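Contents: one structure, followed by commentary.
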Amino acid sequence: MSPPARGNAPRLDRRAAMRALLDRRGDLLLVTGLGSTTYDAASVGDDSRNFYLWGAMGAAAMIGLGLAIARPERRVLVVTGDGEMLMGLGALATIGVERPPNLALVVFDNGHYGETGMQASHTQAGVSLCGVARACGILSVFDIAEAPALRDFAAQLQGFDRTIFARIAIYADEPPRVLPSRDGVHLKNRFRRALGVE
Amino acid sequence: MSEIDPASPAPDWPDAIFAALKAAEIRQVGFVPDAGHARLIERCRADPEIRAIVLTSEEEGIGLAAGAWLGGQKAALLMQSSGVGNCINMLSLAKSCRFPLILLVTMRGEWGEFNPWQVPMGSKTRAALELIDVLVYRVERPEEAGDTVNAALEIAFNGGLVTAVLLSQRLIGAKRWVK
């Protein structure tokens, strides 16, 4: 077996990374995956344009795809973890076929399953999510491990015009949980109201 | 992935289903390639108002449809009965958030099935769907297809429910045994 790929150290703080992405979010629509990325988004501030997943592991990217196709005039940001993305890896192939110009997929990669006790994920053993995204035909792929690159990337979120995939290397820690509403009907309805479709 | 006798005339029930999807203003259709749904997929792909999205696995469609609804569009999913098994946990998304959803399911493992590996899932498709509270309709005869799909669409999108329409294998036509 080849030695584990550590990614390009150093790594970033997950909460600071989420703040950087959402700092000037403009009219970005946000979908977060089951687990820590939902808490990260809530820690920046609850917003009716956030759709948080509390289950449906592996669905974040596909929800982003359906939303991006439905609202071509808005930009959609999906932020999820490496474990959640790995569970729905086929979505990268599906998105690689559709390539909506208004969809950005961001994976916070700490190489661990944080929710279940910090067990190692496949990325720690060398599976490259950026490599998968590229191989699926996503043309704009970013591998980010340092603050200046993150800032440059975040600035693009207001004006990108093709499907983006970014892996953000974060270090494995468990900051205090910030829990948004778990009421799925409420989260759905307020999101649709914010878009004027409810 | 199955084969249907090319000599038989094109059935018109897929057109009735397509008309129902159009009348309900379905804008996204997720599917895994399937012989039973081939004509319906073709019709969806040819329609400029519908985005037909090919999935690697049926469960992707549950997320896709949720995203579509969040953005104000209606979606429908086309799959084989085997694909229903792939969706079960993901249906908790629709149930927890009361996302409206319609699954159009071509049945395998029923009348005339040649492949015994299709039987375990095909024989439990209705039970599996009902266990997770999906409202299940079934079409046996071609002339029922349009009305049944209309009814399923109406209750799904008016009620925030998940409905499935099972299209029987007898309706679709049994696959030929090919050595």
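The values are calculated or read from the model by the stated rules, or taken from the named source; none is laboratory data. Everything quoted here is computed from the prediction, not taken from an experiment. Don't worry about glycine lacking a Cβ; one is built from the backbone with ideal geometry, like all the others, and counts go over all protein chains shown.
Could you grab me the full set of residues in the stretch B:68-90 that are crowded, with 24+ Cβ neighbours inside 10 Å, more than 7 Å from every other protein chain (Cβ to nearest Cβ) and among the hydrophobic types (A, V, I, L, M, F, W, C)? Those that are crowded, with 24+ Cβ neighbours inside 10 Å, more than 7 Å from every other protein chain (Cβ to nearest Cβ) and among the hydrophobic types (A, V, I, L, M, F, W, C): B:W69, B:A76, B:L77, B:L78, B:M79, B:V84, B:C87. Tell me which residues, restricted to the stretch A:29-69, are surrounded by 24 or more Cβ atoms within 10 Å (Cβ to Cβ), within 9 Å of chain B (Cβ to nearest Cβ) and in contact with a Lys or Arg (Cβ under 9 Å, 6 or more places away or on another chain). Scanning the stretch A:29-69 gives A:L29, A:F51, A:L67, A:A68.
Among the conditions (1) touching a residue at least 60 places away in the same chain (Cβ under 8 Å); (2) within 13 Å of the chain's Cα centre (by Cα), B:E58 misses just one, which is (1). Here A:H112 meets each of (1) at pLDDT 95 or above; (2) over 15 Å from B:G61 (Cα atoms); (3) touching a helix residue (DSSP H, G or I) at 6+ places or on another chain (Cβ under 9 Å) with one exception, condition (1). Only one of the numbered conditions (1) within 25 Å of A:C136 (Cβ to Cβ); (2) assigned to a helix (DSSP H, G or I); (3) more than 7 Å from every other protein chain (Cβ to nearest Cβ); (4) of a type in the set (A, V, I, L, M) is violated by B:A65, and that is (3).
Remark: A:L150 falls outside the filter, which requires a residue to be crowded, with 19+ Cβ neighbours inside 10 Å, within 14 Å of chain B (Cβ to nearest Cβ) and outside any strand (DSSP E or B). Checking each residue in the stretch A:1-54 for being at pLDDT 95 or above and on the phi > 0 side of the Ramachandran plot picks out only A:G45. Going by what's in this entry, would B:R43 be described as in a helix (DSSP H, G or I) and either modelled with pLDDT of 95 or more or over 13 Å from the mean Cα position of the chain (by Cα) (or both)? Taking the combined requirement at face value, the residue satisfies it.
The set of residues in the stretch A:154-198 that are of a type in the set (D, E), closer than 21 Å to A:D27 by Cβ and within 14 Å of another protein chain (Cβ to nearest Cβ) contains only A:E198.
Given the structure, is B:V29 more than 9 Å from every other protein chain (Cβ to nearest Cβ) and either under 23 Å from A:G96 (Cβ atoms) or in a helix (DSSP H, G or I) (or both)? Against the criterion (more than 9 Å from every other protein chain (Cβ to nearest Cβ) and either under 23 Å from A:G96 (Cβ atoms) or in a helix (DSSP H, G or I) (or both)), B:V29 qualifies. Look at (1) polar (S, T, N, Q); (2) more than 18 Å from B:G63 (Cα to Cα); (3) in contact (Cβ under 8 Å) with a residue 40 or more places away in the chain and you find that B:T163 fails only one, number (2).
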